[in-house]
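In what follows, a structure is listed as structure tokens, so that the remarks can point back to it.
The values are calculated or read from the model by the stated rules, or taken from the named source; none is laboratory data. Just so you know, these numbers come straight off a predicted model, no measurement behind them. Glycine also receives a Cβ, built like all others from the backbone with ideal geometry; neighbour counts cover every protein chain displayed. Only protein heavy atoms, including side chains, enter the accessible area calculation; ligands, DNA and RNA are left aside. Shrake-Rupley method; radii C 1.70, N 1.55, O 1.52, S 1.80 Å.
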Amino acid sequence: MEQDNNTISEFIMLGFTTDPVLQKFLFVVFLVVYTLTLLGNSCLIVLICNDSRLHTPMYFFIGNLSFLDLGLSSVYTPKILATCISEDKSISFAGCVAQFFFSAALDYTECYLLATMAYDRYVAISKPLFYSQAMSLKLCVFLVAASYLGGFINSVIITKDTFSLTFCSDNVIDDFFCDIPPLVKLACGKKGSFQSVLFFLLASNVIIPIVFILASYLFIIATILRIRSTQGRLKAFSTCSSHLISVTLYYGSILYIYARPRSSYSLGRDKIVSTFYTVVFPMLNPLIYSLRNKDVKAALNKLLKSISL
């Protein structure tokens, strides 16, 4: 049955599978991942706020990254959990718009924030004696605020253009959330202008931050190579390793999903990659930034001791 976006009142989410047993298994998996995401990111935020040793620009950005991951995971996972155990797989048109808008806003903000964190690492390694002065609290707040502003402005643009498309096919979304590839697949008519907007946003929100990150790390590498001692080089590089892992996983997933020609889209394969950066990645970030971090471990031990007393 053909409809357009003036008559569609809801979309139907196919999710991952129609097998009831597998759906229950996926419900348990996503519930565990979501619980660990909430605990891990909330704990990291509490540690950063509570321990004065973590009141530095780097941890200020990490705390904001954890806040974004809490929001990003909460945009997707509750609906995924409901879809796994409920026979009702529908999401209202307004609900789809809201999910799309907030997911895009938080994703774009995280792109900018990761680029900001690369600049922070560059300043910390190239100008260690002037790090605190160069990365003042005022500048850090401005950079985070600018990241949010850029993310939400671009989200308004892509949300408006996406839901201005004519959905003249059915209303079944072959995915577990409202995203660009499955929504474009439902649309018909002229998509040329939409593709132009999509490529512009991909360039401004993904490609430009990646170029900025690469430039920052080229300067960082140049600085590290000027350090004479091997121990000094390793110590300098270790301060960037967590951020490098985070950037590689996050941008790699996004580029795989959105930077390919439409003809190469495979919604089945893309679901797995989308799951990684929307659900799994927010759970991994606290581990990436804390497992090898002595300051975070010390702050955690201090907090546990104060609770036990």
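Details
- A search for C-beta distances below 8 Å between a residue of the stretch 45-62 that is over 19 Å from Phe142 (Cα atoms) and open to solvent by 50 Å² or more (accessible area, probe 1.4 Å) and any residue that is in a helix (DSSP H, G or I) and at pLDDT below 90, counting only pairs 6+ apart in sequence or on different chains, returns Val46/Leu303; Asn50/Ala299; Asn50/Leu303; Arg53/Asp295; Arg53/Ala298; Arg53/Ala299.
The rows are residues; the columns are (1) in contact with a Pro (Cβ under 9 Å, 6 or more places away or on another chain); (2) assigned to a helix (DSSP H, G or I); (3) modelled with pLDDT of 90 or more.
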| position | (1), (2), (3) |
| --- | --- |
| Thr18 | no, no, no |
| Leu26 | no, yes, no |
| Phe30 | no, yes, yes |
| Thr37 | yes, yes, yes |
| Arg53 | no, yes, no |
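- Complete set of residues in the stretch 164-173 that are within 18 Å of Lys89 (Cβ to Cβ), modelled with pLDDT of 80 or more and open to solvent by 10 Å² or more (accessible area, probe 1.4 Å): Asn171, Val172
- Every residue from the stretch 84-113 that is hydrophobic (A, V, I, L, M, F, W, C) and out of contact with any Ser or Thr (no Cβ under 7 Å at 6 or more places or on another chain): Cys84, Ile85, Ile91, Ala94, Cys96, Ala98, Phe102, Leu106, Cys111
- Among the residues here, Thr83 qualifies as over 17 Å from the mean Cα position of the chain (by Cα), of a type in the set (S, T, N, Q) and in a helix (DSSP H, G or I).
- Subset of the stretch 140-163 (residues that are open to solvent by less than 60 Å² (accessible area, probe 1.4 Å), assigned to a helix (DSSP H, G or I), in contact (Cβ under 8 Å) with a residue 12 or more places away in the chain and of a type outside the set (Val, Ile, Thr)): Cys140, Leu143, Ala146, Ser147, Tyr148, Gly150, Gly151, Asn154, Ser155, Asp161
- Restricting attention to the stretch 180-191 and to residues that are open to solvent by 50 Å² or more (accessible area, probe 1.4 Å) and over 23 Å from Tyr108 (Cβ atoms), the residue that is modelled with the lowest pLDDT turns out to be Lys190.
- Pick from the stretch 275-294, criterion modelled with pLDDT of 80 or more and open to solvent by 70 Å² or more (accessible area, probe 1.4 Å), ranking: farthest from the chain's Cα centre (by Cα): Lys294
- The single condition from (1) under 18 Å from the mean Cα position of the chain (by Cα); (2) crowded, with 18+ Cβ neighbours inside 10 Å; (3) over 19 Å from Val280 (Cβ atoms) that Asp69 fails is (3).
- Residue in the stretch 25-39 that is touching a residue at least 60 places away in the same chain (Cβ under 8 Å) and open to solvent by 40 Å² or more (accessible area, probe 1.4 Å) present: yes
- Test: residue in the stretch 79-88 that is farther than 26 Å from Lys24 by Cβ and either touching a residue at least 12 places away in the same chain (Cβ under 8 Å) or among the hydrophobic types (A, V, I, L, M, F, W, C) (or both): no
- Checking Ile272 against (1) of a type in the set (Val, Ile, Thr); (2) open to solvent by less than 40 Å² (accessible area, probe 1.4 Å); (3) modelled with pLDDT under 80, the condition it does not meet: (2)
- Looking only at the stretch 242-269, residues that are modelled with pLDDT of 85 or more and either over 22 Å from Phe16 (Cβ atoms) or not aliphatic (A, V, I, L, M) (or both) come to 9 in all.
- Just one residue in the set Ser126, Ser90 is open to solvent by 10 Å² or more (accessible area, probe 1.4 Å), hydroxyl-bearing (Ser, Thr, Tyr), under 22 Å from Ala187 (Cβ atoms) and more than 17 Å from the chain's Cα centre (by Cα); that residue is Ser90.
- When Tyr59, Tyr108, Tyr76 are checked against the criterion of being part of a helix (DSSP H, G or I) and at pLDDT below 90, a single residue qualifies: Tyr76.
- Taking the criterion of being touching a Phe, Trp or Tyr at 6+ places or on another chain (Cβ under 9 Å) and surrounded by 13 or more Cβ atoms within 10 Å (Cβ to Cβ), the residues of the stretch 9-21 that qualify are Glu10, Phe11, Met13, Leu14, Gly15, Phe16.
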